[in-house]
1. Tell me the residue from ARG39, ARG31, ARG27 that is touching a helix residue (DSSP H, G or I) at 6+ places or on another chain (Cβ under 9 Å) and more than 25 Å from GLY245 (Cα to Cα), please.
2. What number of residues in region 161-187 are among the small types (Gly, Ala, Ser) and touching a strand residue (DSSP E or B) at 6+ places or on another chain (Cβ under 7 Å)?
3. If I go through region 261-272 residue by residue, how many of them are touching a helix residue (DSSP H, G or I) at 6+ places or on another chain (Cβ under 7 Å) and either in a loop (DSSP other than H, G, I, E, B) or closer than 21 Å to ALA327 by Cα (or both)?
4. Across region 93-113, what is the number of residues that are assigned to a helix (DSSP H, G or I) and in contact (Cβ under 8 Å) with a residue 12 or more places away in the chain?
5. Among the listed residues LEU129, LEU116, LEU177, LEU125, which satisfies the condition of being under 22 Å from THR237 (Cα atoms), outside any helix (DSSP H, G or I) and of a type outside the set (S, T, N, Q)?
6. Of all residues in region 226-256, which are open to solvent by less than 10 Å² (accessible area, probe 1.4 Å), outside any loop (DSSP other than H, G, I, E, B) and of a type in the set (A, V, I, L, M)?
7. Scan region 40-56 and tell me whether some residue there is touching a Cys at 6+ places or on another chain (Cβ under 6 Å) and either among the aliphatic types (A, V, I, L, M) or at pLDDT below 95 (or both).
8. Can you name every residue in region 324-339 that is of a type in the set (Gly, Ala, Ser), within 18 Å of the chain's Cα centre (by Cα) and at negative phi?
Amino acid sequence: MPLHDALGVNPSTPPVPDLRVADWTPRQQLRVPTTRVTRAAVPAVDIHNHLGRWLTDDWCTPDVDALLALMDEANLTTVVNLDGLWGDALEANLDRYDRAHPGRFVTFCQVEWPLLAEPDGVERLVAQLRDSAARGARGVKVWKSLGLSVRDASGALVQPDDPRVVGVLAVAGELGLPVLIHVADPMAFFDPLDAHNERFDELAGQPDWSFADRSVYPSFHGLLGALEELVRATPGTTYIGAHVGCVAEDLDHVSRLLRELPNFFVDTAGRVAELGRQPRRFRRLLEEFPDRVLFGTDIFPLERAGLETYFRFLESDDESFPYAPGASIPPQGRWAVSGADLPLDLLTSLYSTNARRILGLGE
């Protein structure tokens with residue numbers, strides 16, 4: 001009797017298809033419990049979202065009443081809109097959201113960093129910041145263009161710890177405006193686009209997102225170091241490090257920053273994929289710093305499925321579930337996530353207390 005017959009092995013070997021990895025969309029066979037969490041456990045503040053016309057051709061949320069209905073259903077009391085910009089654009093955002101629906105929306109301004117190429121750039125930026133505060137901006141958003149693309153009159157990239165930036169953002173602290181700052185994209189975006197890059201799928205589809213060329217862009221850790229120096233240089237300004245301090249892949253680094261920089265906070269926006277593959281480490285971060293981490297989503301336009309994924313990650317103990325339900329290929333990496341199963345006291349601080357304190361919203 002042939003050996004394969006004795007072992008009960010199928011003697012007919014199927015042909016291996018000529019399948020590109022880019023076309024491989026495996027379906028998980030693991031059977032695990034599924035918990036649907038439709039509402040935040042406590043009334044929540046989304047500290048990081050986009051409602052304006054900065055990143056989209058028209059209003060990112062075309063139907064404000066529908067947005068409010070979704071917020072009510074999801075137990076979101078307030079959404080922070082980072083798209084205020086300055087001048088007329090800020091006025092339009094304040095009219096559409098903050099003034100029309102008091103308490104439900106909080107709009108942050110931005111400043112026009114390319115003005116640093118002008119001789120009076122710092123003075124104009126400070127004036128712009130003061131004007132935005134007077135109009136009703138409640139904070140400042142600093143985007144990754146500062147460090148990656150903004151240049152001064154000499155043609156040099158302006159880094160986050162540039163003395164001119166330090167001077168402007170020190171004024172934000174004087175005005176009582178928290179600064180939500182994003183200085184670097186995921187680590188993999190700064191690595192070569194090669195066989196070792198864990199975000200290859202994403203970068204292959206969007207190669208312009210790569211910052212791997214060191215002749216053009218600073219290093220990832222160089223940008224993180226500049227952020228740290230900025231925060232140290234302006235102790236009177238409150239900073240919220242976007243996307244878990246811009247380094248969700250290294251929570252030990254985040255812990256050190258929170259330990260050493262009392263004016264530094266972080267949000268969870270856009271990082272379920274990273275936090276969900278280290279849920280126990282994330283929970284330890286919250287246990288060590290319960291008053292320093294804020295709930296944010298960066299889901300725009302805001303929609304139910306994305307919110308429920310966040311709630312499921314934070315509140316359930318589910319294992320190995322998709323962070324992007326419905327996507328044939330997960331956009332940020334080919335892995336699943338597991339829930340952090342946070343207790344109510346940590347959820348309360350994360351969802352609400354910390355943000356309300358920083359924004360001055362009261363209880």
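The values are calculated or read from the model by the stated rules, or taken from the named source; none is laboratory data. In this text the structure is predicted, and so the values were computed from the model without any measurement. Cβ coordinates were reconstructed from backbone atoms using ideal geometry, including for glycine residues, and neighbour counts include every protein chain displayed. To get the accessible areas, we keep the full protein, side chains included, count just its heavy atoms, and leave off ligands, DNA and RNA. Shrake-Rupley method; radii C 1.70, N 1.55, O 1.52, S 1.80 Å.
1. Working: ARG31 fails: touching a helix residue (DSSP H, G or I) at 6+ places or on another chain (Cβ under 9 Å); ARG27 fails: touching a helix residue (DSSP H, G or I) at 6+ places or on another chain (Cβ under 9 Å).
Checking each option against the conditions leaves just ARG39.
2. At the first step, the residues of region 161-187 found to be among the small types (Gly, Ala, Ser) are 167, 170, 172-173, 176, 184.
Then keep just the ones that are touching a strand residue (DSSP E or B) at 6+ places or on another chain (Cβ under 7 Å); that gives 172.
Within region 161-187, residues that are among the small types (Gly, Ala, Ser) and touching a strand residue (DSSP E or B) at 6+ places or on another chain (Cβ under 7 Å) number 1.
3. Going through region 261-272 one residue at a time, the tally reaches 7.
4. Total meeting the criteria: 6.
5. LEU177
6. Within region 226-256, ALA226, LEU227, LEU230, VAL231, ILE240, ALA242, VAL244, LEU251, VAL254 meet the criteria.
7. Checking region 40-56: at least one residue is touching a Cys at 6+ places or on another chain (Cβ under 6 Å) and either among the aliphatic types (A, V, I, L, M) or at pLDDT below 95 (or both).
8. Looking only at region 324-339, we keep the residues that are of a type in the set (Gly, Ala, Ser), and these are 324, 326-328, 333, 336, 338-339.
With the extra rule that they be within 18 Å of the chain's Cα centre (by Cα), the set shrinks to 324, 333.
Scanning region 324-339 gives a single hit, ALA324.
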